[in-house]
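A quick write-up on the structure given underneath.
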Amino acid sequence: MRQNRTRSMPCSLTALLVWIGRAGAVAICLYAWPAAAYRPFDGTDAAVADVNEIEIELQPMGWQRIGSPSALIAPEVVFNYGFAERWEVVLQTEMVTPITQVNGPPSLAAQGAFLKWVVRPGVLQDQPGPSIAMEFGPLLPGVNAEPGVGFSWAGIVSQRWDWGTAHFNVQTNLTRDHNAEAFLDVILEGPWTWKVRPVFETFYDKVWTQAETRSVLVGAIWQVDKDLSLDAAFRYAVQNGHPVNEIRAGLTFAFKEEGDKTPMKPGVTFGNWGLSH
């Protein structure tokens, strides 16, 4: 359950986004795609967009350094569309532009589209108890990036208390070069009633025979109004003994499909950032 944003958006653009969402939902049934995250995290929450709701997650500029080489991560875009009750389709991509020549040409990475289903409606759907969801689908090849096709499945549990909200992720992947991967993630957020709430994330990721990563992220989410949030975060990780530093900043907004007069649900969780592994 996500929020409404930008009812003044031009009709032609709204219609185009709706068409993309519907086409993506059909395409996923015929051709598979990865699991996404929740801004500014690498994990995600157990919530989906409402029926006929469009949610856009955008990082206009980010920076990452792995060891000595560095790159711009700009833009990162995630498009979410609620096409059925408790279901959404997600389309995502990111552009990586090296700052140093050693990194090679610009690339499109972390590309994919996948399905997310709320298995058990809970606190994120205004019902008692934890919310439980899953995401699944193949991982798509990039441009000047990983060329193969893989598969991803993730289980997510979210719970909210007076002091804050927690999200727990367990994800298993067959990577694009066909290695096994496991991802364990915990997200903690400050009280939902705060206009600006602090956030924290830690995860462990292992790709057998290739890579092992331990990561910590700290940041904040500013709930500007019921249909717009801004975020900023710093991530530090160690990947195969090499330090990783990353700065993330972006926004999330949502709006109803043209002609849908169903009211938006206020105070819900925005989704998806960090993009799939």
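Assuming Ala145 fulfils every condition listed in (1) open to solvent by 20 Å² or more (accessible area, probe 1.4 Å); (2) assigned to a strand (DSSP E or B); (3) under 28 Å from Pro60 (Cβ atoms); (4) of a type in the set (Gly, Ala, Ser) apart from one, which condition is it? Condition (2) is where Ala145 drops out.
Report whether or not Phe203 is touching a Leu at 6+ places or on another chain (Cβ under 7 Å), closer than 14 Å to Asp42 by Cα and either open to solvent by 80 Å² or more (accessible area, probe 1.4 Å) or not hydroxyl-bearing (Ser, Thr, Tyr) (or both). Against the criterion (touching a Leu at 6+ places or on another chain (Cβ under 7 Å), closer than 14 Å to Asp42 by Cα and either open to solvent by 80 Å² or more (accessible area, probe 1.4 Å) or not hydroxyl-bearing (Ser, Thr, Tyr) (or both)), Phe203 qualifies.
Considering region 156-196, the residues that are β-branched (Val, Ile, Thr) and in a loop (DSSP other than H, G, I, E, B) include one that is surrounded by the fewest Cβ atoms within 10 Å (Cβ to Cβ), namely Thr193. Here is a check on your reading of the model: is Ala84 of a type outside the set (Asp, Glu) and out of contact with any Lys or Arg (no Cβ under 7 Å at 6 or more places or on another chain)? Yes. Listed conditions (1) acidic (Asp, Glu); (2) open to solvent by 30 Å² or more (accessible area, probe 1.4 Å); (3) within 30 Å of Gly241 (Cβ to Cβ) are all met by Glu85, apart from (3). Of the residues that make up region 89-107, is at least one small (Gly, Ala, Ser), within 21 Å of Tyr38 (Cβ to Cβ) and open to solvent by less than 30 Å² (accessible area, probe 1.4 Å)? No, region 89-107 contains no residue that is small (Gly, Ala, Ser), within 21 Å of Tyr38 (Cβ to Cβ) and open to solvent by less than 30 Å² (accessible area, probe 1.4 Å). Checked against the criterion of being among the charged types (D, E, K, R), in contact with a Gly (Cβ under 8 Å, 6 or more places away or on another chain), under 26 Å from Thr97 (Cα atoms) and in a strand (DSSP E or B), the candidates Glu201, Glu212 yield just one match: Glu201.
Scanning region 89-120 for residues that are under 18 Å from Ala154 (Cβ atoms) and in a loop (DSSP other than H, G, I, E, B) returns no hits.
The values are calculated or read from the model by the stated rules, or taken from the named source; none is laboratory data. Note that this is a predicted model, so its numbers are computed, not measured. Cβ: placed from backbone, ideal geometry, glycine included. Neighbour counts: every protein chain shown. These accessible areas exclude ligands, DNA and RNA; they are computed on the full protein's heavy atoms, side chains included. Shrake-Rupley method; radii C 1.70, N 1.55, O 1.52, S 1.80 Å.
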